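The structure under discussion appears below in the form of structure tokens.
The values are calculated or read from the model by the stated rules, or taken from the named source; none is laboratory data. Source: prediction; values computed, not measured. For neighbour counting, all protein chains shown are included, and Cβ atoms are generated from backbone atoms with ideal geometry for every residue, glycine included.
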């Protein structure tokens, strides 16, 4: 299991300190939630903030675009230092084209899906994406409770990817994730877990990471997780 802490729940008054602490704890991914106040009822940060973080961090920047018309901003996020861009299937009319554009810009690409959205599109898009993100809360705010019905959706998603011959596509789960449900999620098919307040509110970070890893250790790494672990920051060896 890969843990990708959501920076939105960190001490944003001291982001450089937080990134350094994450690196020291052994974290390798960082989840960055971009919200526009239109697609979701909240506004966070954009490319300038990511650009400010990038020079001081070797972490893999996992950028989740909860915005309308994401295709209009791909180059901005690439120049800011994103390593992967994940767009919502609900926010993009031509998501296959957008995924291809993200890859052409040298980034990993992913599709995010809200809790109430069907995932049948995986039958046709599985080979166009590098990662699938299942939202396990209604997006927009940190600290919400996990929606248990997403567990079945996760199992179906893993089965659809396997049936489509895309077993190497990892599934990420975001929303209400904590050590108490990390094991259930990985067993059901998750390879990457996003955690915000359930991670950052519990220092030291190394101990909190260890708690997540212990919870998920009953599930051996899948091919998809091994694939995701090979992904590096753009420009790194």
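Data overview
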| quantity | calculated |
| --- | --- |
| Region 169-193, residues that are in contact with a strand residue (DSSP E or B) (Cβ under 8 Å, 6 or more places away or on another chain) and over 21 Å from residue 125 (Cβ atoms) | 175, 177, 178, 182, 185, 186, 193 |
| In region 106-128, the residues that are under 15 Å from the mean Cα position of the chain (by Cα) and farther than 16 Å from residue 91 by Cα | 107, 108 |
| Meets criteria (under 17 Å from residue 193 (Cα atoms), touching a residue at least 24 places away in the same chain (Cβ under 8 Å) and crowded, with 17+ Cβ neighbours inside 10 Å) for residue 122 | no |
| Pairs, first closer than 19 Å to residue 38 by Cβ in region 137-150, second at pLDDT below 85 and part of a loop (DSSP other than H, G, I, E, B), C-beta under 7 Å, six or more apart | 137/144 |
| Residue 198 vs. criteria closer than 18 Å to residue 28 by Cβ, at pLDDT 95 or above and out of contact with any strand residue (DSSP E or B) (no Cβ under 9 Å at 6 or more places or on another chain) | no |
| Checking residue 93 against (1) under 21 Å from residue 40 (Cα atoms); (2) at pLDDT 95 or above, the condition it does not meet | (2) |
| Residue match in region 34-41 (condition: under 19 Å from residue 200 (Cβ atoms) and either modelled with pLDDT of 95 or more or more than 18 Å from the chain's Cα centre (by Cα) (or both)) | yes |
| Residue in region 88-95 that is under 29 Å from residue 183 (Cβ atoms) and touching a strand residue (DSSP E or B) at 6+ places or on another chain (Cβ under 7 Å) present | yes |
| Residue match in region 119-139 (condition: in contact with a helix residue (DSSP H, G or I) (Cβ under 7 Å, 6 or more places away or on another chain) and on the phi > 0 side of the Ramachandran plot) | no |
| Given (1) in contact (Cβ under 8 Å) with a residue 12 or more places away in the chain; (2) farther than 15 Å from residue 22 by Cβ, index of the condition residue 213 fails | (2) |
